[in-house]
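Every number here is computed from the coordinates shown, using simple stated rules; none is lab data. Quick caveat: nothing in here was measured; it's all calculated off a predicted structure. All Cβ positions, glycine included, derive from the backbone under ideal geometry; neighbour counts span all protein chains shown.
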Amino acid sequence: MSTIYLNNHPVGSGHPVYIIGEIGINHNGEVEIAKRLIKIAKDAGCDAVKFQKRTPELCVPGHQRDVLRETPWGIMTYMDYRYRVEFGLAEYKEIDAYCRAIEIQWFASAWDVRSVEFLEQFNPPCHKLPSALLTDKALIYAYAAIGRPVIISTGMSTMKEIREAAGLVAKDKLLLAHCTSIYPCPPDKLNLRMINTLKKEFDNPVGYSCYEVGLSTTYAAVVLGADFVERHITLDRAMWGSDQAASVEPGGLKRLVENIRDIEASLGDGVKRVYDEESVARGRLRVVSTTSIT
């Protein structure tokens, strides 16, 4: 299986799991909340944080633009809400400077071509195609033309659609993320064995984007061979926002990263050996039979 580098981070079999703290829009349009989440991810041991970038006038369908929505900032149209939680150039410059200062990578899933072009100015380690846009060939072409690694998220998609999308990205730039687009997702819909199905078919790094509550099934994904893991993170699951309830709070994120590293260490290489620390017990407890077998 190929190794793909996200800047200086190798991702693939035989390398440490690349752990992404998905901030998404859990910052609720506040840079200070975003920076707090970035610091939490860094302190927990994450390798990167991820955001979502949209151009509202391109991404919001016409019939939704004037729909009224209750928000913490009052009742506003859905279009106004999208602008309220969307970061622009000034905010992303601040985020970029902060991530560089504390040495953590960041990138985003762009929902339109203009957003892909916007993100490029920050030299991200990769781009990520959201599950909702897996069939948007124009967007995939825009990602692929840049030449950076592309993570394709595969929720709500058929194998035929996944094959078609993956075929538009150079093999040495392709990463796939298994997920089920249910928020939050019950365990019986996670279908974690798809991680190995995708690995066998594409022979490329495959990770897991998580939308479930709890940590145990994320650990299972690591045991099954996920090369990277992405979990939504939040300051508090009770905060306002559509993704908060399926997100991990700071304490849970720290446990998640620590336990993933323990799992990695425990899996070993599958070659049977007698460890030096076993030798004392072997010498004391191993009895050599003197009974001959006839």
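Considering region 195-252, and only residues there that are in contact with a Pro (Cβ under 8 Å, 6 or more places away or on another chain) and of a type in the set (Asp, Glu), the residue that is nearest to Lys35 (Cα to Cα) turns out to be Glu212.
Sub-7 Å Cβ pairs linking a first residue in region 157-176 that is free of Cβ contacts under 8 Å to residues at least 60 places away in the same chain to a second residue that is part of a helix (DSSP H, G or I) and surrounded by fewer than 16 Cβ atoms within 10 Å (Cβ to Cβ), at least 6 apart or interchain, are Leu168/Lys137; Leu168/Tyr141, ordered by first then second residue.
Could you please find all residues in region 213-263 being farther than 19 Å from Leu192 by Cβ, surrounded by fewer than 17 Cβ atoms within 10 Å (Cβ to Cβ) and among the polar types (S, T, N, Q)? Result: Ser242, single match. The residues in region 131-156 that are surrounded by fewer than 22 Cβ atoms within 10 Å (Cβ to Cβ) and either of a type in the set (Phe, Trp, Tyr) or in contact (Cβ under 8 Å) with a residue 40 or more places away in the chain (or both) can be counted, and the count is 4. Against the list (1) within 19 Å of Ile33 (Cβ to Cβ); (2) in a loop (DSSP other than H, G, I, E, B), the condition Pro124 fails is (1). If you check Ser109 against the conditions, is it hydroxyl-bearing (Ser, Thr, Tyr), part of a strand (DSSP E or B) and in contact with a strand residue (DSSP E or B) (Cβ under 8 Å, 6 or more places away or on another chain)? Against the criterion (hydroxyl-bearing (Ser, Thr, Tyr), part of a strand (DSSP E or B) and in contact with a strand residue (DSSP E or B) (Cβ under 8 Å, 6 or more places away or on another chain)), Ser109 qualifies. When region 220-256 is examined, which residues are found to be small (Gly, Ala, Ser) and either farther than 17 Å from Gly207 by Cα or out of contact with any strand residue (DSSP E or B) (no Cβ under 7 Å at 6 or more places or on another chain) (or both)? Ala220, Gly225, Ala238, Gly241, Ser242, Ala245, Ala246, Ser247, Gly251, Gly252, listed by residue number.
Quick check, is Gly29 in contact (Cβ under 8 Å) with a residue 12 or more places away in the chain and either more than 15 Å from the chain's Cα centre (by Cα) or assigned to a loop (DSSP other than H, G, I, E, B) (or both)? When the stated conditions are applied, Gly29 passes them. Annotation note: of Tyr98, Tyr83, the sole residue that is free of Cβ contacts under 8 Å to residues at least 60 places away in the same chain, aromatic (Phe, Trp, Tyr) and at negative phi is Tyr83.
For Tyr83, are the conditions met, namely being hydroxyl-bearing (Ser, Thr, Tyr) and crowded, with 20+ Cβ neighbours inside 10 Å? When the stated conditions are applied, Tyr83 does not pass them. The conditions of being out of contact with any Asp or Glu (no Cβ under 6 Å at 6 or more places or on another chain), over 21 Å from Leu139 (Cα atoms) and in contact (Cβ under 8 Å) with a residue 40 or more places away in the chain are met by Asp203. Candidates in region 142-158 are the residues that are in a loop (DSSP other than H, G, I, E, B) and either among the charged types (D, E, K, R) or touching a Lys or Arg at 6+ places or on another chain (Cβ under 6 Å) (or both); of these, the one that is farthest from Lys199 (Cα to Cα) is Arg148. If you check Lys39 against the conditions, is it surrounded by fewer than 18 Cβ atoms within 10 Å (Cβ to Cβ), touching a helix residue (DSSP H, G or I) at 6+ places or on another chain (Cβ under 9 Å) and charged (D, E, K, R)? In short, yes.
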